[in-house]
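Engineer: This is the structure I have questions about; it appears just below.
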Amino acid sequence: MASVTFINHATVLIEVNGICILTDPVYSFSVSYFLPRLKKPGIPFTELPPIDLVAISHDHYDHLNLRTLRRISRGHQASVLLPRGLGSFGRRAGFDEISELDWWETIEYRGLTITCVPAVHFSGRTPWTRNRSRPSGYVFQAGGASIYFAGDTAYGEVFRELGRRFSIDMALLPIGAYKPHAWFKNIHLNPPDALQAYLDMGAKVLIPIHWGTFKISDEPMSEPPEWLMKEARTRGIAEKVRVLENGGSLDLDL
């Protein structure tokens, strides 16, 4: 059995083959010093199961939160996975086991195969550190399940390449922060782009992430999933899209 639980934003609990993975964990009250959290996490921090692996997609403040990472390193026997060049953040957060991966690099972790994959985005926490590391996603494979976590990304050829390399069961794709279009079009998916990415890779199920938690763009907070489902119904694939509210889970039978 594999399952995903949407905590909120890009924080997802993935449980597969007995391993608990937490993606881009953010439990602080705000990010970037001025963006307040508008929804509580779907699983309170104190109710998380023992976390085995933390997966970080890139170093933006709403994805790499040092305060949360320090809480995890103190309270869980977890390893941390980061794109190459970001290992110092793992050390600053207090992790003992740190893995840095480049695009298309694969490692084995307790029977879990993990592949770092490209994202169409940018990195850097300040203007002078821009693009010193590669924003990434991850494909987790174990026990017959294949789960793709995209992190932050815009649309690109990478999704067809993912379809050629993997048979993806669950695709966790970002759908929020897309207005104004001219500003975000090259760094974030909007709902129609997310559907096209899902179709390009031939995944079985699309689970939207990166919406409804932090006000970082101009669209209404409730718009991304509504637009996604409207577009999915138009394309005749609404049954393949599963919008999870905070704390909602989806199981994958293996």
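Read-outs: derived from the displayed coordinates by stated rules, not from any lab. Since this is a predicted model, take the numbers as computed values, not measurements. Reconstructed Cβ throughout: ideal geometry from the backbone, glycine too, with neighbour counts over all protein chains shown.
Engineer: How many of the residues in region 30-69 are under 15 Å from Pro83 (Cα atoms) and among the aliphatic types (A, V, I, L, M)?
Structural biologist: Qualifying residue count for the region: 5.
Engineer: Sticking with this one: Go through the residues of region 90-101 one by one and say whether even a single one is among the hydroxyl-bearing types (Ser, Thr, Tyr), surrounded by fewer than 20 Cβ atoms within 10 Å (Cβ to Cβ) and under 24 Å from Trp128 (Cα atoms).
Structural biologist: no
Engineer: Quickly run through region 156-182 and pick out the residues that are in contact with a Ser or Thr (Cβ under 8 Å, 6 or more places away or on another chain), farther than 23 Å from Gln141 by Cα and buried (at least 20 other Cβ atoms within 10 Å of the Cβ).
Structural biologist: Gly176, Ala177, Tyr178
Engineer: How many residues are in a loop (DSSP other than H, G, I, E, B) and surrounded by fewer than 20 Cβ atoms within 10 Å (Cβ to Cβ) when one looks only at region 1-15?
Structural biologist: Residues in region 1-15 being in a loop (DSSP other than H, G, I, E, B) and surrounded by fewer than 20 Cβ atoms within 10 Å (Cβ to Cβ): 1 in total.
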